[in-house]
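The values are calculated or read from the model by the stated rules, or taken from the named source; none is laboratory data. What you are looking at is a predicted structure, and each value in this text was computed from that prediction instead of being measured. Note: ideal-geometry Cβ built from the backbone for every residue, glycine included; neighbour counts use all protein chains shown. All accessible areas refer to the heavy atoms of the entire protein, side chains included, with ligands and DNA or RNA removed. Shrake-Rupley method; radii C 1.70, N 1.55, O 1.52, S 1.80 Å.
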Amino acid sequence: MPDAIEVRKVPIHSVADASELATLIDDGVLHADRVVAIIGKTEGNGGVNDYTRIIADRAFREVLVEKGAAADAVKQIPIVWSGGTDGVISPHATIFATVPPEDVTPTDEPRLTVGFAMSEQLLPEDIGRTPMITKVADAVKVAMERAGITDPADVHYVQTKTPLLTIHTIRDAKSRGKTVWTEETHQSMDLSNGCTALGIAVALGEIDMPSDEDVMHDRSLFSSVASCSSGVELDQAQVVVVGNAPGVGGRYRIGHSVMNDALDQDGIWNAIRDAGLDLPDRPHPSDLDGRLVNVFLKCEASQDGEVRGRRNAMLDDSDVHWHRQIKACVGGVTAAVTGDPAVFVSVSAAHQGPDGGGPVAAIVDLG
């Protein structure tokens, strides 16, 4: 049986700041050597060359080592940074740590559990193709097992980090006589995320194994729990599975739903309800009563260029990429629900929730 989980959200006061993590450790809320995953938003451009992810990663790992965690162990902790805090989204991190058994609040009710795995190496020619889907699916199954989850229905959030294509990796593939799905590095961000989501969906039985032709083309194929991010930091799929398991104990529970479009507040409220909070028919942020730890969303501009029958110009805008526009939009909608701008809203949601919408996961403190 895996250990119970303590989870806290902290603000990031500057791009290299991890002081709030240090405070949690100093106050005894978390133990440095028990941190198992960190998921956060940094204030960079969210693109291929977003260096703020690297700066934040270093800052948080350095604090863990300074506070007593072994350096070799800290290198293995999955830390997933989503770059870009467009609009009102505020830089922050959500920290997951195991709880010493003697401090656990016992319960037979399903409670929050976390599992982590790394896939086989993903070659540049794999990205966007079925070998990537298979490698991701295999890693998801390992992470589920480590989380103590046997029923895919108990998985409510799968956060991944995968490689995208760069000029260097494209050149590497060509030197070995291989082809790549695209030579546009920014487009490869959407591609890597979408293909990874299909791997998650296959692992959880949400869809059958798709073909190469389905990737980025058949948007009816998606996972309702996938949250996929990509960058230049690694050459494997880093997989964090978050769900509920009976007997784990602790105070926290996770639920999920989907937003059907960029304005679908009900999708966010439904995820919070699914996590275990009783809410009125027409809820207000005050009804959360401080029990919402955080929400995690993916968003995507609808391929038809419309929201609820009204056209928008995001996909035609040559000045500001649609990534930044839809992220700011959904970030504002989400903050209006939670009453807190420190929400995890990430863009590039191909095969993650329905087209134009996206998956939502919510973690609540049940006390």
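Heavy-atom accessible area per residue, the chain, 1.4 Å probe: how many Å²? Intermediate values should be presented prior to the final figure.
Values: 14820 Å² over 367 residues.
The answer is 40 Å² per residue.
In the neighborhood of A117, defined by Cβ-to-Cβ distances under 10 Å, what is the net charge if each Lys or Arg adds +1 and each Asp or Glu adds -1? Don't skip to the end; give the middle numbers.
Working: positive: K141, R146; negative: D138, E145.
Net local charge, A117 excluded: 0.
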Exercise for review: Please give the solvent-accessible surface of I326 in Å², to the nearest 10, using a probe radius of 1.4 Å with every protein chain present.
Suggested key: 0
Revision key, fill the gap. Probe 1.4 Å, all chains present, heavy atoms only: R308 accessible area in Å², nearest 10, is 150
Point to revise | When each of K67/K161; K75/K161; K41/K298; K135/K161 is checked by Cα-Cα distance, pairs over 20 Å | key: K67/K161
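Considering only protein heavy atoms and a 1.4 Å probe, what is the carbon-and-sulfur percentage of the accessible area of the chain?
Details: 6890 of 14820 Å².
Here it works out to 47 percent.
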Practice item. Could you bin all the Cα-Cα distances of the range 297-359 into 10 Å bins starting at 0 and give me the percent of pairs in each, rounded to whole numbers? Key: 23, 53, 23, 1
Point to revise | 16 Å Cα-Cα reach of K141 towards aspartates and glutamates, excluding residues that sit fewer than 8 places from it in its own chain | key: E120, D151, D154, E206, D208
Point to revise | From the coordinates shown, semi-axes √(5λ) of the Cα gyration tensor in Å corresponds to which of (i) 29, 24, 21; (ii) 39, 26, 18; (iii) 37, 21, 19 | key: (i)
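Could you give me D for the range 25-89, from Stokes-Einstein at 4 °C and 1.567 mPa s, where the hydrodynamic radius is the Kirkwood radius over C-alpha pairs? Units µm² s⁻¹, please. Please report the intermediate quantities before stating the final value.
Details: Rh = 12.7 Å.
In µm²/s, the coefficient is 102.
Which value, in debye to the nearest 20, gives the size of the charge dipole of the chain about its Cα centre, when Lys and Arg are +1 and Asp and Glu are -1 at the Cβ? The partial results should precede the final answer.
On the way: 31 positive and 54 negative charges, 85 e Å.
That gives a dipole near 400 debye.
Can you compute the charge dipole magnitude of the range 138-295 about its Cα centre, using +1 on each Lys and Arg Cβ and -1 on each Asp and Glu Cβ, nothing else charged? Give it in debye, rounded to the nearest 20. Provide the component values of the computation, followed by the final result.
Numbers: 13 positive and 24 negative charges, 122 e Å.
It comes to approximately 580 debye.
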Exercise for review: At a Cα cut-off below 19 Å, give the aspartates and glutamates reachable from K174, other chains included and same-chain residues fewer than 8 away excluded.
Suggested key: E125, D126, E183, E184, D235
Exercise for review: For the chain, give the share of DSSP beta bridges that are antiparallel, in percent and rounded to the nearest 5; count only bridges with both residues there.
Suggested key: 75
Point to revise | Unit charges at the beta carbon, dipole of the chain: most positive-side option, V15, A335, H31 | key: V15
Exercise for review: Send over the semi-axes of the range 1-134's equivalent ellipsoid, whole angstrom and largest first, taken as the square roots of 5 times the C-alpha gyration tensor eigenvalues.
Suggested key: 26, 21, 15
